[in-house]
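The values are calculated or read from the model by the stated rules, or taken from the named source; none is laboratory data. Small disclaimer: the values here were computed from a predicted structure and weren't measured. Positions of Cβ are backbone-derived with ideal geometry, glycine not excepted, and every protein chain shown enters the neighbour counts. For accessibility, only protein heavy atoms count, side chains too; no ligands or nucleic acids. Shrake-Rupley method; radii C 1.70, N 1.55, O 1.52, S 1.80 Å.
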Amino acid sequence: MSRLVMHIGLEKTGSTYLQAFLRDNAALLADHGIGYPDFCRGPEHLEFYMAGLPEIGWMHRRFEIRTEEKLEALRTKVRAGLERMAAQNDTSVVTSERLSVIRDPAALESIAALSREYFDQVDVVAYLRRPDHAVGSYYGQSVKVGLTSRAVPDFMGHQGRTLDLAAILTRWQDAFGAENVYAWPYLERYKSGGDTALGVFFRHVGLTPPTPEEPGPWQRPGRPINVRLSAEATEYVRLLNPRVPRWRVDGRWNGPMRNLLLEEVSARFPGKDAAAPPDILQALVDAYPAEAIAALGRRADDPAVGLWDEWLAQPPATGEE
């Protein structure tokens, strides 16, 4: 029986670290019978995400996939890779935070169909960070990718739905079955806990998780991949965003200029991390209560079940800048 473990993020829950960890240890994972894609160009498996979508979108265009012929070529490549992983391993892993932001039921059904074409069992796994704690990171990320306004409606329209964790879980449960969707609480102490957040994931795929006392043979990722912005740097980038848009006039992704902006401003303005303005924080807490998320995500047969109480008991975020 072949199983696919599909990690969908969510964003700002250590996904970049997990993806880099899996990529750097692909050979060791194979020794333990865990398949890892060799058909994707980076640690986040965007090719899998794009191949599963029914239509060409902005991510496809970013990778110069602008015709149905190119999309079908990508799908052929991904299908061959998935078939190879399923034949060679009892358990395989794919990971992309982009999966968690899919809202179209038809797109989720397409992802499900692609996965089930080669795997007998598909487990969807997600780390959930409490919205009032995640919102500061999401606000900073929104600015990184082009947000220019501090108004609550603008932010909620841009990223608020991404923090509607109950709605995200419901969509995936509808597409894959509630019994196949595993929600794990992401605790704030994980931010400085190194491998701590890996524990539940390791156990889910049948591996012994590394600990400080027993680190095992695993290679740890190097320097952080994401550019960190302080509160002051975030405000500067927000003001400069209209002058450095996400897209060039020819329709191509403006990545090099955006990355240069972020790196330069980050280096010039160190300091405390960005925090969401208090009005945005309060609007988010009111809209997406943590208790409702925990009630939907908690399941008795999951090793993380006891962590939900700690997740709910964490002190509230203040949103102070």
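Side notes on the structure shown:
- Here GLU11 qualifies as in contact (Cβ under 8 Å) with a residue 60 or more places away in the chain, of a type in the set (Asp, Glu) and not in a helix (DSSP H, G or I).
- Inspection of the stretch 105-113 finds no residue satisfying the criterion of being farther than 30 Å from VAL78 by Cβ, of a type in the set (A, V, I, L, M) and buried (at least 21 other Cβ atoms within 10 Å of the Cβ).
- Inter-residue pairs, beta-carbon under 7 Å, first touching a residue at least 60 places away in the same chain (Cβ under 8 Å) and more than 19 Å from ARG246 (Cβ to Cβ) and in the stretch 258-282, second of a type in the set (Lys, Arg) and surrounded by fewer than 16 Cβ atoms within 10 Å (Cβ to Cβ), 6+ apart: PRO277/ARG150
- Residue count for the stretch 145-165, restricted to those that are open to solvent by less than 30 Å² (accessible area, probe 1.4 Å), modelled with pLDDT of 75 or more and either assigned to a helix (DSSP H, G or I) or of a type in the set (Asp, Glu) (or both): 3
- Sub-9 Å Cβ pairs linking a first residue in the stretch 219-231 that is farther than 15 Å from LEU22 by Cα and at pLDDT 80 or above to a second residue that is surrounded by 12 or more Cβ atoms within 10 Å (Cβ to Cβ) and hydroxyl-bearing (Ser, Thr, Tyr), at least 6 apart or interchain, are LEU229/TYR236; LEU229/SER266; SER230/SER266, ordered by first then second residue.
- Residues in the stretch 232-264 that are under 20 Å from ARG150 (Cβ atoms) and in contact with a strand residue (DSSP E or B) (Cβ under 9 Å, 6 or more places away or on another chain) were compared, and the one that is modelled with the highest pLDDT is THR234.
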